[in-house]
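Take a look at the structure below.
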Amino acid sequence: MDFSEWLVDELKQREWSNADLAKAAGISRGSVTNIISGIRSPGTDICEAIARAFKIPPEVVYRHAGLLPPALEPDEKRQELVHLFELMNDNNREDTIDYARMKLQKQEREKPKGEKRNKVA
């Protein structure tokens, strides 16, 4: 779905007109019309204004506008790791990062010859 389709869908869900969005975002109706028609691509300033108007994180709008890469799909292991990491103090966080780097380096050394290796920080 491109940005203009996403924007039109968001407006429909909110039962807003182009003018409603323009007013709430503090941008011109012409800008909204040009974005919806595909004449203009939104920049960060327009994305931030739309996010404020919709009361959603700017990153959501940036992603739909193609200004950020797609978000990673949430999975339970990643969510658990992030949760545990957030519970740790700074020393344990540093130790965890060091341990993860060590594990990745070991994994890279154990890859069969010819298999592409990742660069480890």
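The values are calculated or read from the model by the stated rules, or taken from the named source; none is laboratory data. The structure presented is a predicted model; accordingly, all values stated were derived computationally and were not measured. Note: ideal-geometry Cβ built from the backbone for every residue, glycine included; neighbour counts use all protein chains shown. The area values use the complete protein model at the heavy-atom level, side chains included, leaving out ligands, DNA and RNA. Shrake-Rupley method; radii C 1.70, N 1.55, O 1.52, S 1.80 Å.
Rounded to the nearest percent, how much of the accessible area of the chain (1.4 Å probe, protein heavy atoms only) is carbon and sulfur? List each step's numbers first, then the result.
Details: 4710 of 9130 Å².
After summing per-atom areas, the C and S share lands at 52 percent.
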- Query: Straight-line reach from Lys113: which lysines have a Cα under 27 Å away, not including same-chain ones fewer than 8 places off?
  - Reply: Lys103
- Total formal charge among the other residues, if their Cβ is under 15 angstrom from that of Met1, Lys/Arg +1 and Asp/Glu -1: -2
- Query: Given that just one value was derived from the coordinates, which of (i) 44, 31, 30; (ii) 58, 39, 23; (iii) 41, 34, 31 is Cα extents along the principal axes in Å?
  - Reply: (ii)
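Could you work out the helix-only [θ] at 222 nm for the chain, with each DSSP H run of four or more residues adding -39,500 (n - 2.57) and the total divided by the number of residues, to the nearest 500 deg cm²/dmol?
Details: 7 runs with 79 residues, N = 121.
Estimated from H runs of four or more residues: -20000 deg cm²/dmol.
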- Message: Compute the helix-to-body angle for 76-87: its Cα long axis versus the longest principal axis of the chain, expressed 0 to 90° and rounded to tens.
- Response: 80
- Modelled label-to-label distance, Gln13 and Asn92, 7 Å Cα→beta-carbon offset: nm? 3.6
